[in-house]
Amino acid sequence: MVTRRKKPESERTLEDLQLPALQVVLSSIEDELLVIDSDYRIRFANLAAQRKLDQESVPVDKPCYQALHGRDKPCNLPLWECPLRKVLDNGTKVDILHPLHNHHTTRYIKVTAFPLRDKLGNAKAIVEIRRDVTAERNLEMQIVRRHHQLLTLSHISSAVSILHNLDAVLRTALDDILELINGAVGGILLLDERTKTLYYRVQRGLSPRYTEDRHVALGDGIAGRVAQSGEPMLIEDISQDPRVARPDLVSTEGIRGCVSIPLKARDKVVGVLNIFSHMAGRFGTDDVSLLNSIGDYLGTAIAQAKLYERLERVGERYKILLQYALTAQEQERKRIARELHDETAQSLTSLTLSLQAIIGMAGLKGFTDPDFLEKLKKTHSYAVNIGNEIVQLMKELRPTLLDELGLPAAIHRYAKDNLQSHGIDVAFDFKGTDQRLPPEVEVTLFRVAQGAIGNILEHSEAKNASVKLECNDTECTLVITDDGKGFDVSKLTSVDRSGRGAGLFIMRERMSLLGGSGYVKSKPGKGTKLIAKVPLNRTVEDLAKELTDEKDTGTDS
């Protein structure tokens, strides 16, 4: 009888370690499970692995690279990253995700390998579990894609709320879209409502020859058809498509793959988004769905940005008209003041002197009719009062000091005549005003001061007031304060029918025409402070010229 020698633990094979019950458990696992030794030979394969290999059993000594991949040597990158050596050398578990490309489809296999040790703790083989995770991978990619889509929409939304300029919004949107789909070539065309043509407003990666001065009629070319139908188009190779309007330019640009998306606002097409690739078949239905959802939002953003542009243009025209109206008003004030001085005032002066002479002659000649003399003296008094009122009216219309001596002297005289004569003490502080200011600045600040002084006199019940004018090389600041009863500024939000609030509104409009600002600080019982600032680096004529010369962007406004 021959007694078989018991193998040491270090010499026992995997067959010696396998138990029938364990094999049954492993074969019930849906994932593919393989045991591979250090010589790349398969020692065990469960039923899932056998079905994958389309054979009933796996030869024990067959190399894994031959059985699984039909190769004559161990796998290496870039085909396949083999986990065997890494697991045996490090003695730790390894997870590897392998993409398998086949006929325009990609499958993902997750391989988990961990060491199989003997009783002495030595790694003799690996257990390799394979699972097809294509569905999970695609779901993960869809989640990431959706996340990026939401980020893009959020970025575009932020651009719309912050950047009211249409070109800035479109550039931001196009850059975000190209980054989202990992592209580099595209453009946004807008629809001109008057000519019913599309034109490129922004583009990336296209030459000027392709985009400049190109107007595509509705129904022509790819973009024209998309705008007319309101439906997106996916073209595998635009260079071979007979519907292209300018095949010569398409060939010159070298573009192949194309997605064209209508941009809609309230179901009305306002433009077209074109995304191109230099590789045919670059885009798929997922890209169309993604871009179409963005296109709906972008169309609304375009309509909103256009509305902002129209409002800005209306505001600019309003400023120009207001400036012309105020300029005409000042000129008319000056003309009336001059006529009052040259004609009416001189006539009244002559009348006053004549009446004074008549009164004197009556006394010298002994004319003693008391009623006549009384009426004559009253007439003379009326003429004097009318003359004084006309002089005051001329000062209101156009103070001569403003033209002759400048703004500080005019404000000083006006405040002194109107406030101090009514018991209101006024303090003056003028700095940096030695040189004459531009005429439009002097007139604007004087009118602001005139309105503030009038309000102090009429409403404030103040005892003291101060006027401060400080100028430097770039700016003039006028501050007028009083210690009167004050008011709640927050309640003065508009001009009511009685005219209350008109002064503040007109002040702000005057200041804005010069690129400046004006505001009032006041609280009940705390007095009032008016602050007006105007820059000195540009005149109203410069501002009006800028607004007039600024061209409307596009042709559909």
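Data table
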{"read-out": "E193-E140 pseudo-label distance in nm [points 7 Å out on the Cα-to-Cβ vector]", "value": "4.9"}
{"read-out": "Label of the coordinate-derived value, semi-axes √(5λ) of the Cα gyration tensor in Å, listed as (1) 42, 28, 22; (2) 94, 31, 17; (3) 51, 30, 20", "value": "(2)"}
{"read-out": "Centroid-to-centroid separation of the stretch 368-387 and the stretch 232-267 [C-alpha atoms, Å]", "value": "94"}
{"read-out": "Of K491/K523; K491/K526; K416/K463; K463/K529; K431/K463, pairs whose Cα-Cα distance is over 21 Å", "value": "K431/K463"}
{"read-out": "Sequence-distant lysines (8 or more away, or on other chains) whose Cα lies within less than 20 Å of K119", "value": "K6, K7, K93"}
{"read-out": "Residues T285 and S28, FRET efficiency given R0 of 60 Å [Cβ-Cβ distance, rounded to 0.05]", "value": "0.95"}
{"read-out": "The chain, relative contact order in percent, only Cα pairs under 8 angstrom and at least six apart counted", "value": "7"}
{"read-out": "DSSP beta bridges in the chain [antiparallel fraction, %, rounded to 5]", "value": "90"}
{"read-out": "Theoretical FRET efficiency, 1/(1+(r/R0)^6), r = Cβ-Cβ of I96 and I162, R0 30 Å, to 0.05", "value": "0.10"}
{"read-out": "Nearest-ten-degree value, helix 285-339 long axis tilted from longest Cα axis of the chain", "value": "10"}
{"read-out": "Packing-based exposure ordering (other Cβ within 10 Å, fewest first) of I188, I126, I261", "value": "I126, I188, I261"}
{"read-out": "E470-L249 pseudo-label distance in nm [points 7 Å out on the Cα-to-Cβ vector]", "value": "5.9"}
{"read-out": "Selection from G219, P208, T252 lying farthest towards where the dipole of the stretch 190-252 points positive, charges on Cβ", "value": "P208"}
{"read-out": "Straight-distance crosslink candidates among aspartates and glutamates, where the alpha carbon sits under 19 Å from K365 and sequence neighbours closer than 8 are dropped", "value": "E374"}
{"read-out": "Amide N of the stretch 505-534 lying under 15 Å from the label point, which is placed 7 angstrom from the Cα of A325 along Cα→Cβ", "value": "505-513"}
{"read-out": "Magnitude of the charge dipole, the stretch 265-411, Cβ model with Lys/Arg +1 and Asp/Glu -1, debye to 20", "value": "120"}
{"read-out": "Extreme residue, positive dipole direction of the chain, given options N455, A184, G121 (C-beta unit charges)", "value": "G121"}
{"read-out": "Stretch gain in nm, segment K523-E396, where the contour uses 0.36 nm per residue and the Cα spacing is subtracted", "value": "42.8 nm"}
{"read-out": "Extension gain from I358 to D429, taking 0.36 nm per residue of separation minus the Cα-Cα distance", "value": "20.7 nm"}
{"read-out": "Estimated inter-spin distance, R338 and Q240, nm [label 7 Å along Cα→Cβ]", "value": "8.1"}
{"read-out": "Nearby lysines by direct alpha-carbon distance to K196 (threshold 28 angstrom, same-chain neighbours under 8 apart not counted)", "value": "K264, K268, K306, K551"}
{"read-out": "Dipole of the chain [Lys/Arg +1, Asp/Glu -1 at C-beta], most positive-end residue of T379, I275, Y65", "value": "Y65"}
{"read-out": "Cα-based helix-to-principal-axis angle, 407-418 vs the chain, degrees rounded to 10", "value": "60"}
{"read-out": "For the stretch 141-313: relative contact order, % (alpha-carbon pairs under 8 angstrom, 6 or more apart)", "value": "22"}
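Read the figures in this text as sums done on the coordinates, not as results from a lab. These numbers come from a predicted model, not from an experiment. Every residue, glycine as well, gets a Cβ built from its backbone with ideal geometry; the counts of neighbours run over all protein chains shown.
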